[in-house]
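Working notes, structure below.
The values are calculated or read from the model by the stated rules, or taken from the named source; none is laboratory data. Since this is a predicted model, take the numbers as computed values, not measurements. Backbone-built Cβ (ideal geometry, glycine too); neighbour counts: all protein chains shown. Surface accessibility is based on the protein's heavy atoms, side chains included, excluding ligands, DNA and RNA. Shrake-Rupley method; radii C 1.70, N 1.55, O 1.52, S 1.80 Å.
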Amino acid sequence: RLSGHVRSNEQKQAALTLGMAIRATIVLLLSIAIATIFQAETVARVAFFGAAFTAEQFYDLGRILSIGLLCLPFQGLVVLFGTAFVSYDRTGLLVIVSLVMLLVMTSLGLFLSAKWGINGLMLAYVLTQVTGALLLTLILLFIIGRQPIVIALRRPLRSILLPGVVCLSISYIFRETGFWGPPALILSVGAFLAVHVVSDLTNFKKIINGQN
């Protein structure tokens, strides 16, 4: 859809489509990341069900997973921006950013893994994804302007911060009360999405209807 708008020189529709895609990526992946922060060890136990791991090993796996989850929204943006850059025929810039990310991962991976082992390596991966997302965002601003970012981050306190706080609080309560597993994750993510929509319903309808 984005490629079609770009080829037809429909810049306004292209910006709207990309902005909505960025917003959806941030909201969905951020809700999953936040909901899983206090459930990381549980997710590790489900993922490795039947494995002969000790309680300490499952704890370590949960800690590694919780670090990795931090980059989920940024990783999603990197993938999305990759598609956008192809649509705008800017693959050369995409290759350059990919090389920068490889350099960051290699250098930070060696340094941080030497200090903190596998946890340091996972942290290096997170920082690499953050670097890639930020670089691609800056280049995107230069190529097509700020409209997609404005659409994606409109009213961030209502659309992102408030749902994040609610989701994090619910996830923490679930962990402290021993309520865990897929039901807890689904309810936490659902709370984020519900607050995101309800707290700014007018703006949500405006975006869905294709109005800037």
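What the table below lists for this structure:
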read-out: Isotropically averaged projected area of the chain, using the convex hull of Cα atoms (one quarter of hull area), nm²; value: 13.3 nm²
read-out: Prolate/oblate/rounded label for segment 86-185 (Cα gyration tensor, a/c 1.5); value: oblate
read-out: Förster radius 35 Å - calculated FRET efficiency between Leu161 and Ser98, Cβ distance, rounded to 0.05; value: 0.65
read-out: Degrees separating the helix 182-198 axis from the principal Cα axis of the chain, which is the longest one; value: 30 degrees
read-out: Gyration tensor (alpha-carbon) shape descriptor, segment 93-141, a/c threshold 1.5; value: prolate
read-out: Most positive-pole-ward Cα, Ile32, Ile173, His5, against dipole of the chain from beta carbon charges; value: His5
read-out: Solvent accessible area, Å² - Leu99, 1.4 Å probe, full protein context; value: 110 Å²
read-out: Percent carbon-and-sulfur accessible area, the chain, ignoring ligands, DNA and RNA, probe 1.4 Å; value: 70 percent
read-out: From the C-alpha gyration tensor of segment 41-140, square roots of 5λ in Å; value: 31, 16, 9
read-out: Euclidean distance between Cα centres, segment 21-65 to segment 90-167, Å; value: 20 Å
read-out: Sorted largest first, extent of segment 1-53 alpha carbons per principal axis (Å); value: 57, 19, 8
